[in-house]
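Bear in mind that the values in this text are calculations on the coordinates, not laboratory data. Since the structure is predicted, the reported quantities are computational estimates derived from the model, not experimental observations. Please note: Cβ atoms are built from the backbone with ideal geometry, for glycine as well, and neighbour counts cover all protein chains shown.
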Amino acid sequence: SVSAECVDPVAISRLAPPRVIPKTDEAKSQVEAVLEKAMLLKNLEPSQKKSIVDAVEEMTFQKDAVIIEQGEKDAQYFYMLSKGACQAIVNGVQVVTYAPGGTFGELALMYNAPRAATVKACEDCVCFALDRSTFQNIVIASNKQRIQDTEKFLAEVPLLQSLTSGERAQLADAIQPSYFKPGDVIIKEGDVGNVFYLLEKGEVRASHNDTSIKTYVHGDYFGELALLGDGGLRKATCIALGDVKVGAVEKDAFKRLLGPMEEILLRNAEHYEAVVAQLDKSQKS
Ligand code: 1OR
């Protein structure tokens, strides 16, 4: 979760002018490649990504170098690994290994806390280090904004009316925004399903054996069937009719946060299965 409460982005932006560290086009595209992979960064606006590309500083570390030391105060940087591998160690125990695209060092900056782990280079590494104020200004502020926007949207979803606002906040934190263009296939019949979708903007058409079954609009959900019970294959294809924005929930988060709603989902699904069965029957005859 990146919904830290301790940062006032407005106050910070008044203090810090945008940081620009000159770099080659090659270095810029290396940063961009990491930005596309990193969970925490890939959903940022293009202009925010550009500010990060400008602000980061390339740092190289030799094998066994300590990049972050557990307990260290006044943390200054958030790191994105571009080349090599490193590992996080907590109280002498190795807990995570990072490959290129991996990021670390966010906790101390988010919570103004001492470093929670040591991070060490397992081989020669190239990192892009983002300074504290740019990180707080862009990454924390935008994740907070994203969560607020998502909570507002979730409050409008009929299915979720029975959730408490705390449960909605947890869901907002677990949802990843995802965008589709007209004609994009969001779900393909027969695929293994691992994601549940809430439709925030645009319309989506569900079809079975090339016959359209239903059009989803703002506040509707789809993709639940393959995740219910023991899971299974996608029973319909869902295609974006226009520019579409969905909130995507991974299977684990779906089970954890929407498990209590399984009964409502199954009841709604019975109706749907009846429509599909009817279709199959009429197509056979
Ligand atoms: P930081 O700013 O505290 C150390 O600097 C970084 O190591 C930390 O941010 C995280 O990015 C990263 N607990 C704490 N920090 C971790 C952990 C971790 N894993 C990676 N870091 N774990 C809990 C171990 C009891 C492991 C979680 C899988």
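Tabulated results
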quantity: Pairs from 37/251; 144/245; 42/235 whose Cα-Cα separation, in the structure shown, is over 24 Å; calculated: 42/235
quantity: Charged-residue dipole, Cβ positions (Lys, Arg, Asp, Glu), the chain about Cα centre, Debye nearest 20; calculated: 200 debye
quantity: Mean separation of Cα contacts under 8 Å, 6 or more apart, over the residue count of the range 191-285: relative contact order %; calculated: 33 percent
quantity: Dimensions (Å) - the range 189-246, Cα atoms, principal axes, largest first; calculated: 30, 22, 13
quantity: The range 23-54-the range 209-255 distance, computed between alpha-carbon centres (Å); calculated: 30 Å
quantity: Neighbour-count order for 201, 120, fewest beta carbons within 10 angstrom listed first; calculated: 201, 120
quantity: Under the Karplus curve 6.51 cos²θ - 1.76 cosθ + 1.60, θ = phi - 60°, whole-Hz ³J(HN,Hα) for the range 171-176, x wherever Gly or Pro sits; calculated: 5, 4, 5, 8, 7, 10
quantity: Cut-off 14 Å between beta-carbons: net charge of the residues surrounding residue 116, Lys and Arg +1, Asp and Glu -1; calculated: -1
quantity: Gain in span if fully extended, residue 145 to residue 217, counting 0.36 nm per residue against the direct Cα distance; calculated: 23.6 nm
quantity: Nearest-ten-degree value, helix 262-284 long axis tilted from longest Cα axis of the chain; calculated: 50 degrees
quantity: Zone of residue 207's modelled label, taken as backbone nitrogen in the range 234-269 under 20 Å from a point 7 Å along Cα→Cβ; calculated: 234-245
quantity: Listed residues 126, 217, 53: farthest to the positive end of the dipole of the chain (Cβ charges); calculated: 217
quantity: Size of electric dipole in the range 9-139: Cβ of Lys, Arg +1 and of Asp, Glu -1, about Cα centre, debye, nearest 20; calculated: 280 debye
quantity: Degrees separating the helix 46-55 axis from the principal Cα axis of the chain, which is the longest one; calculated: 20 degrees
quantity: Three-way shape label, the range 9-139, alpha-carbon gyration tensor, a/c 1.5; calculated: oblate
quantity: Neighbour-count ranking [beta-carbon atoms within 10 angstrom, fewest first] of 197, 272; calculated: 272, 197
quantity: Placed amide H near residue 67: partners under 5 Å, 5+ positions off or other chain; calculated: 119, 120, 121
quantity: Net charge of neighbours whose Cβ lies under 11 Å from the Cβ of residue 103, counting Lys and Arg as +1 and Asp and Glu as -1; calculated: +1
quantity: Inter-probe distance in nm under a simple model that places probes 7 Å from Cα toward Cβ, at residue 282 and residue 161; calculated: 3.0 nm
quantity: In the range 22-68, GluC sites (Glu not before Pro) in a DSSP loop with at most 12 other beta-carbon atoms within 10 Å; calculated: none
quantity: Helix 141-154 vs. the chain, principal-axis angle (Cα, 0 to 90°, nearest 10); calculated: 20 degrees
quantity: Charge tally in the Cβ shell below 9 Å around residue 227, where Lys, Arg are +1 and Asp, Glu are -1, residue 227 excluded; calculated: +1
quantity: Helix-only [θ]222 nm of the chain, DSSP H runs n ≥ 4, -39500 (n - 2.57) each, per residue, nearest 500; calculated: -10000 deg cm²/dmol
quantity: Paired Rg and Dmax values of the range 167-285, which use every Cα atom, in angstrom; calculated: 14.1, 49
quantity: Estimated FRET transfer efficiency (residue 91, residue 256; beta-carbon r; R0 41 Å; 0.05); calculated: 0.90
quantity: Residue exposure sequence - 252, 25 - by fewest surrounding Cβ within 10 Å; calculated: 25, 252
